[in-house]
Amino acid sequence: MTTDPRADFDLEQIDRLLTTTKQVRQRLDLTRPVPYDELLECIGLASHAPMGGNLERNRWMIIDDPDKKAAIATRFAEVGRPYLAMNSEVRGDDRSQRVIGSANFLVDHLAEVPALVLALRLDPAPLAAQGAAAAYYGSVLPGVWSFQLAARARGIGSAWTTFHLEHEAEIAQLLGIPPTVTQVCLLAVGYYTGSTFTPAPRRPAEEITFLNTWKAPVR
Ligand SMILES: Cc1cc2nc3c(=O)[nH]c(=O)nc-3n(C[C@H](O)[C@H](O)[C@H](O)COP(=O)(O)O)c2cc1C
């Protein structure tokens, strides 16, 4: 008797998790702290994401000190505000405007977000070689997404951000991070309010997948 390979998991629930783990900004509960135990559990789960050579060179930092959050928020806004204003001018469609509005909210409120979670890698980023860069970031970023999934399943929302990276050196100094360590992503983390997340429209798999030859359709 063969067993159904799809029977091992509750696919409906898992697919819902995968499609409704959104970047949460306006629905972050700014008044409710997130316990360290919850964050550590999500980081523990994220550590099961793949990494090149199975080398555990990723690190995380939780930042909830109000002064440090405020300092990061200032730098974040210096980059985010003009970037979003420029994007708002060139991307007029409703969907883009909604994301830009939401991102602006985060720019305005980053210092109030209960926890900022910084994803780090222990060595300097390769600057030129494409393959090395892919392996480098590919060994850290899957864990960030796993963190977001694990958090969502616990009622915790997060938003992936990178604006502060233009001031990476200054923020490293603020947080005591050595110059050899690279910041790859700053997650704004808090419990979310309401649970009515819906999947975003995405191009169908058939449209973005080719079979054996560039642009050859799968079906
Ligand atoms: C590499 C990367 C960088 C991002 N940087 C930012 C950022 O600095 N600020 C922000 O508000 N959102 C940022 N985002 C979130 C995207 O805007 C978001 O994923 C996209 O709009 C799709 O929304 P969804 O994930 O909720 O479907 C980033 C996402 C990724 C993957």
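Please determine whether any residue of the stretch 71-81 is open to solvent by less than 70 Å² (accessible area, probe 1.4 Å), touching a residue at least 24 places away in the same chain (Cβ under 8 Å), closer than 22 Å to residue 23 by Cβ and not in a helix (DSSP H, G or I). No, every residue in the stretch 71-81 fails to be open to solvent by less than 70 Å² (accessible area, probe 1.4 Å), touching a residue at least 24 places away in the same chain (Cβ under 8 Å), closer than 22 Å to residue 23 by Cβ and not in a helix (DSSP H, G or I).
Quick one: in the stretch 202-219, which of the residues that are in a loop (DSSP other than H, G, I, E, B) and touching a residue at least 12 places away in the same chain (Cβ under 8 Å) is most open to solvent (accessible area, probe 1.4 Å)? Show your work before the answer.
At the first step, the residues of the stretch 202-219 found to be in a loop (DSSP other than H, G, I, E, B) are 202-204, 209, 211-216, 218-219.
Those left that are additionally touching a residue at least 12 places away in the same chain (Cβ under 8 Å): 218-219.
Details: 218: 75, 219: 207 Å².
Here the answer is 219.
Residue count for the stretch 44-54 satisfying the condition of being modelled with pLDDT of 95 or more, in contact with a Ser or Thr (Cβ under 9 Å, 6 or more places away or on another chain) and either outside any loop (DSSP other than H, G, I, E, B) or among the hydrophobic types (A, V, I, L, M, F, W, C) (or both): 3. Just one of the numbered conditions (1) crowded, with 17+ Cβ neighbours inside 10 Å; (2) closer than 18 Å to residue 108 by Cβ is not true of residue 160: (1). Among the candidates 32, 91, 57, the residue that is more than 17 Å from residue 154 (Cβ to Cβ), more than 16 Å from the ligand (Cβ to nearest atom) and either modelled with pLDDT under 95 or open to solvent by 60 Å² or more (accessible area, probe 1.4 Å) (or both) is uniquely 57. Only one entry in 115, 111, 172 is without any contact (Cβ under 8 Å) to a residue 24 or more places away in the chain and either within 14 Å of the ligand (Cβ to nearest atom) or not polar (S, T, N, Q) (or both), namely 172. Is it the case that the stretch 182-200 has a residue that's more than 16 Å from the ligand (Cβ to nearest atom), open to solvent by less than 70 Å² (accessible area, probe 1.4 Å) and hydrophobic (A, V, I, L, M, F, W, C)? Checked against the condition, which is being more than 16 Å from the ligand (Cβ to nearest atom), open to solvent by less than 70 Å² (accessible area, probe 1.4 Å) and hydrophobic (A, V, I, L, M, F, W, C), the stretch 182-200 yields no hits at all.
The values are calculated or read from the model by the stated rules, or taken from the named source; none is laboratory data. From a predicted model like this one, the values you see are computed outputs, not experimental measurements. Methodologically, a virtual Cβ is constructed for each residue, glycine included, from the backbone with ideal geometry; neighbour enumeration extends over all protein chains shown. What goes into the accessible areas is simple: the full protein's heavy atoms, side chains included, and nothing from ligands, DNA or RNA. Shrake-Rupley method; radii C 1.70, N 1.55, O 1.52, S 1.80 Å.
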